[in-house]
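Only one structure is covered here, and it is reproduced in the block below.
The values are calculated or read from the model by the stated rules, or taken from the named source; none is laboratory data. All values reported here derive from a predicted model rather than from experimental measurement. So basically every Cβ, Gly included, is an ideal-geometry build from the backbone, and we count neighbours across all protein chains shown. Please note that ligands, DNA and RNA were not included when accessible areas were found on the heavy atoms of the full protein model with its side chains. Shrake-Rupley method; radii C 1.70, N 1.55, O 1.52, S 1.80 Å.
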Amino acid sequence: QMWEEAIALGKELAEQYENEMFDYEQLSELLRKQAQFYENIVKVIRPKPDYFAVGYYGQGFPTFIRNKVFIYRGKEYERREDFEARLLTQFPNAEKMKTTSPPGDDIKNSSGQYIQCFTVKPKLDLPPKFHRPVSEQIVSFYRVNEVQRFEYSRPVRKGEKNPDNEFANMWIERTIYVTAYKLPGILRWFEVKSVFMVEISPLENAIETMQLTNDKINNMVQQHLNDPNLPINPLSMLLNGIVDPAVMGGFANYEKAFFTEKYMHEHPEDHDKIEKLKDLIAWQIPFLAEGIRIHGEKVTEALRPFHERMEACFRQLKDKVEKQYGVRAVLSSLDDRRGSRPRSMVRSFTMPSSSRPLSVASVSSISSDSTPSRPGSDGFVLEPLLPKKMHSRSQDKLDKDDLDKDKKEKKKEKRNSKHQEIFDKEIKSTDISLQQSEAVILSETISPLRPQRPKSQVINIISSERRFSISPSPPSSQVTPPPITPRTKLSFSLQSNLELNGMSSSDIPDVPPPLPLKGSMADYGNLMESQDLISPTTSPPAHQRVSP
């Protein structure tokens, strides 16, 4: 789960694939893995192992560990007792030391085996690239990884003991251990190369404690903002221990110990540190307010009385702190941006392709198969799918093409209207020459149950039906109408001219039969027959009845 290290190695491989080997297939696969690693860093909660300092004292140990101290990295969720039991199985004759202070020469020079084990805290050493505040989910990796400095703090009493306030004379003796290499490395344990000790004054210890408390509240608030499904119990315990400190007393002990005239008179050099401690106390209020707000949104009905009591305690604490140390406010926009960033990344990675808006080309290609895609048609409507910001040169080009299409359509319609006028004139002349027969009225009716036929199909019908004509010259033989097969997409049918007039094949005279009556509302409106296309001397073939 050290994805940060995997990303660093992946960048080296990507450089080779892209600029040396030109293997884009391997490069694409590698970049997909890197994307998954970045997502894991933000989403997956990784366990934080503990580190233990182990000293091997006595002449009974091998020379490579004799009288030396090592820092071990424990396993995930491994307690110190379990680690000690695992360590003593390797040295069954060793004796475990009860203290954490360095042993004397008598133990180091003895012939026995003595093991000293205690928990140490890794010291955060952020890389230089993190020059600005970043998410806790990113920084948490470096709190327990790539660490080389470890510290162990031990309280020490100096001066007279104060029964009313133990923080006034509590000093911290802090031992710093520096290993030969950063942990974890090729091994889970490295030798300590240098050790030095520093003393922390009671006021400095109070400042450090307040800073750690504020960071802990802020980090837990950010975790709940990033993941609303986290359990509420750790947040409840943390907030209640601060706003209602029934045992420790909270920062009221610091006020009694350091905010007095006596202490400031005896330690005038600590004036800046006291002001810093007051500022940290004031900054704790907005962090607590945000935590209690989240707690109120997620609390169950069973814990509602507990939450109401905590709110009452917080109101009293807030009034007191703001009156004494001033008001501090956290920028909500910054918190919302930091809190919502991981959620926005998850959404961008997990959004399905079906929910993404289609591009102009995609919609045009889909609509070109069935319906026209130009504006104003009954096809796809592009406006709801495309935001205004996405209009670019490609969009302008498509708009220009649509205008050209509109011009072509208008020219085509104008040309068709001219053909229609010519056709109407020919029909009128034919009707005058055939006054003895019944008048033939050609009309166009569109069924509301079907869409309008495209012009391409109309032209095909015209070319296929040019064999039907209206000729005034009498033929020299019997007329045989060709068989007519209605198209499946057209809602009309034609009956034989002979059958409409009630004549059989034997009763056919030499004169041409009268024009047939209109059997149904057929689609004759778009026919373009010309009188010049039919020769008056050409006689139709003899009539033959065609069986269905």
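Some observations on this one:
- Solvent-accessible area of residue 283, all protein chains in place: 80 Å² (probe radius 1.4 Å, heavy atoms, ligands and nucleic acids excluded).
- 3J(HN,Hα) along segment 179-187, derived from phi through the Karplus expression 6.51 cos²θ - 1.76 cosθ + 1.60 where θ = phi - 60°, amounts to 8, 5, 9, 6, 9, x, x, 5, 10 Hz, with x in place of Gly and Pro.
- Residue 95 long-range amide H proximity, modeled H, under 5 Å: 113, 114, 115
- Ordered from highest to lowest accessible area with the whole protein assembly present and a 1.4 Å probe, 215, 319 read as 319, 215.
- Segment 33-105-segment 255-303 distance, computed between alpha-carbon centres (Å): 36 Å
- Trypsin sites (Lys or Arg not before Pro) within segment 24-131: DSSP coil, no more than 16 neighbouring Cβ in 10 Å: 66, 75, 79, 98, 123, 129
- Working from label points 7 Å from Cα in the Cα-to-Cβ sense, the residue 180 to residue 109 distance is 2.7 nm.
- Segment 85-205 - percent of accessible surface contributed by carbon and sulfur, probe 1.4 Å: 52 percent
- Extension gain for residue 64 to residue 173 (0.36 nm times residue separation, less C-alpha to C-alpha distance): 36.3 nm.
- A simple spin-label model places the labels of residue 121 and residue 162 2.2 nm from each other, with each point 7 Å out along Cα-to-Cβ.
- Ligands, DNA and RNA excluded, the heavy atoms of residue 318 present near 80 Å² of accessible surface to a 1.4 Å solvent probe.
- Gyration tensor verdict on segment 46-200 (Cα atoms; rounded if a/c is under 1.5, prolate if a/b is larger than b/c, oblate otherwise): oblate
- Percent carbon-and-sulfur accessible area, segment 269-320, ignoring ligands, DNA and RNA, probe 1.4 Å: 52 percent
- Cα→Cβ-extended label distance, 7 Å offset, between residue 100 and residue 153, nm: 1.1 nm
- Solvent-accessible surface of segment 3-43, averaged per residue with a 1.4 angstrom probe and all protein chains in place: 69 square angstrom.
- Once the 1.4 Å probe is applied to the protein heavy atoms, segment 202-332 comes out at 55 Å² accessible per residue.
- The length gained on full extension between residue 196 and residue 308, counted as 0.36 nm times the residue separation minus their Cα-Cα distance, comes to 35.5 nm.
- Rounded to the nearest 20, the Cβ-based charge dipole of segment 46-200 about its Cα centre (Lys and Arg +1, Asp and Glu -1) stands at 480 debye.
- With protein chains left intact and a 1.4 Å probe, residues in segment 133-175 average 54 Å² of accessible area per residue.
- For segment 63-167, applying the loop criterion from DSSP together with a ceiling of 11 other beta carbons within 10 Å to the chymotrypsin sites (Phe, Trp or Tyr not before Pro) yields 64, 77, 130.
- Here's how it looks for residue 146: its modeled amide H is under 5 Å from those of 183, which are all 5 or more places away or on a different chain.
- In this structure, the amide hydrogen of residue 68, modeled 1.01 Å from its nitrogen in the peptide plane, lies closer than 5 angstrom to those of 56, counting only residues at least 5 positions away or on a different chain.
- For residue 2, net neighbour charge (Lys/Arg +1, Asp/Glu -1) across residues whose Cβ lies under 10 Å away: -2
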